[in-house]
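Contents: one structure, followed by commentary.
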Amino acid sequence: MRLAATAAIYLAIAASPVAALAQTAPGGAPLKIATIGAGREGGALGTLFAKAGHPVMFSSRHPEQLNDLVASAGPLAKAGTVADAITFADVVLLVVPYTAVELIGKDYGKALAAKALVMDISNRSLGAMVKS
């Protein structure tokens, strides 16, 4: 019983977000992470990754408006266009309003398909679900 409990604890730690933060790219370099969308969720996730030692590029349609976010995320953070971010990254976080996902797919689908990992964190808002 104790062995099973110990194994469960190790599995929980290995699957935790903290363990994911420690991942590296092939060759041992920190993963370069891009956020497509730099609002509340994209800004928070990107900042966590930057503070954990990963180079991060925040992107939006208006990257010039991300100066405060970049400064608060630290020296490993920068801002760019969506195309810049996709080119920069090993891993891409798609964190945009649900209604923008289709357009991003049309405009950047081929480049995103070439990435090892794209995480779609987009959600329909509660307001959109109530109207449906």
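Read-outs throughout are calculated quantities, based only on the coordinates presented, and are distinct from any laboratory measurement. Please read all numbers here as calculations on a predicted model, not as lab measurements.
Entry note, region 33-132: relative contact order of 28 percent, from Cα contacts under 8 Å with a spacing of 6+ residues.
The HN-Hα couplings worked out from phi for region 101-112 by the Karplus form 6.51 cos²θ - 1.76 cosθ + 1.60 (θ = phi - 60°) are 4, 4, 5, 4, x, 5, 7, 10, x, 5, 5, 5 Hz, whole numbers, x standing for Gly and Pro.
Shown in residue order for region 32-48 are the 3J(HN,Hα) couplings computed by the Karplus curve 6.51 cos²θ - 1.76 cosθ + 1.60 at θ = phi - 60°: 8, 10, 10, 10, 8, x, 10, x, 4, 6, x, x, 5, 5, x, 4, 4 Hz (x for Gly and Pro).
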